[in-house]
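A short worksheet on the structure shown next.
The values are calculated or read from the model by the stated rules, or taken from the named source; none is laboratory data. For clarity, every value in this text was computed on a predicted model and none was experimentally measured. Here the Cβ positions follow ideal geometry from the backbone for every residue, glycine too, while neighbour counts run over all protein chains shown. Surface accessibility is based on the protein's heavy atoms, side chains included, excluding ligands, DNA and RNA. Shrake-Rupley method; radii C 1.70, N 1.55, O 1.52, S 1.80 Å.
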Amino acid sequence: MKILTGNSNKPLAEAISAKLALPLVRANIRRFSDNEIFVEILENVRGEDVFVIQSTSYPANDHLMELLIIIDALRRSSARRITAVMPYYGYARQDRRVGSRTPISAKLVANLITHAGAHRVLTLDLHAGQIQGFFDIPLDNLYAGPVFSKDIKDTLSNRSLTVVSPDTGGVARARAIAKRIDADLAIIDKRREAAGVSEVMNVIGDVKGRDCILIDDIVDSGGTLCNAAVALTDQGATSVSAYITHGVLSGGAVARIAASPIEKMVITDSIMPTEAVRVSPNIKPLSIATLMAEAMKRITDEASVSSLFD
């Protein structure tokens, strides 16, 4: 078993490497003057089970191309099996056609990874479960729920908790965490007027006097999350926290969240936190290194990955 990382999230790769007590494979990943990517593997990987850790986060296209070239380099170096470890799977929100003459980019990315030479994929909290069917190779989709549940129990167990889904699409995710921590469930009903813009219409469930926890897979601009927090406080919620798997946090999202009623927002380190995130008073990163390392070890040992969540 060998571990190699691209440039998207080296701190997470180093943390996973430490958990597994395995050094990262030495590789030269650089760019020519025209920004063309060049990869050279500096160790023998012939016959090895190689895991490539690379989130396709901002800049998404650069990191995706880097991943494809690393996979190609490993394939041509006779690696026995190549697993693309993608804590954050970019383009996942484009999982269906939303109008005439539009792409399904999540499927295109799946094709690119497969044809580059990956034998399997390991990812975390896919935006849509059906993306697993876009791959013709095995895919393991991990869940941040157990990591979140433990942190909630450690930090918020003395409160009257209600888990809230910020939209109807995330109800299953929110319900799973509510069941783990034995909390009530509420749902935000919203109407999206345009891409990136949402209007909260109604809160389904009783949140008055409750400490609410918003659960979602991705926070990008933060508009939906902040609108949901306002709606909950308007309905009498005592406090609002948020647990989000992937902190994309583009544009002015960090400032928007800091100015919102959200008391605390917890994100995983599936995407490397920016400086703005690191210094934010109400955003807390939570490591997924232990979860990813255990899943990688089980894949190598041909053991069950799904039993991680039993």
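Checked against (1) open to solvent by less than 40 Å² (accessible area, probe 1.4 Å); (2) closer than 20 Å to N35 by Cβ, L74 passes all but condition (2).
Taking the condition of being in contact with a strand residue (DSSP E or B) (Cβ under 8 Å, 6 or more places away or on another chain) and surrounded by fewer than 19 Cβ atoms within 10 Å (Cβ to Cβ), how many residues in region 3-15 meet it? Count: 2. Every condition in (1) open to solvent by less than 50 Å² (accessible area, probe 1.4 Å); (2) within 26 Å of Y143 (Cβ to Cβ); (3) not small (G, A, S) is met by V45 except one, and the failing one is (2). Taken together, V164, V98 contain a single residue that is closer than 27 Å to V203 by Cβ, loosely packed, with under 13 Cβ neighbours inside 10 Å, out of contact with any helix residue (DSSP H, G or I) (no Cβ under 6 Å at 6 or more places or on another chain) and of a type in the set (A, V, I, L, M, F, W, C), which is V98.
Residues in region 300-310 that are part of a helix (DSSP H, G or I) and within 11 Å of L142 (Cβ to Cβ): S306, L308, F309.
Listed by first and then second residue, the pairs with beta-carbon distance under 7 Å, at least 6 apart or on different chains, first residue in region 107-129 and crowded, with 17+ Cβ neighbours inside 10 Å, second among the polar types (S, T, N, Q) and part of a loop (DSSP other than H, G, I, E, B), are L124/S270. In region 29-69, how many residues are among the acidic types (D, E) and farther than 22 Å from A15 by Cβ? Of the residues in region 29-69, 4 are among the acidic types (D, E) and farther than 22 Å from A15 by Cβ.
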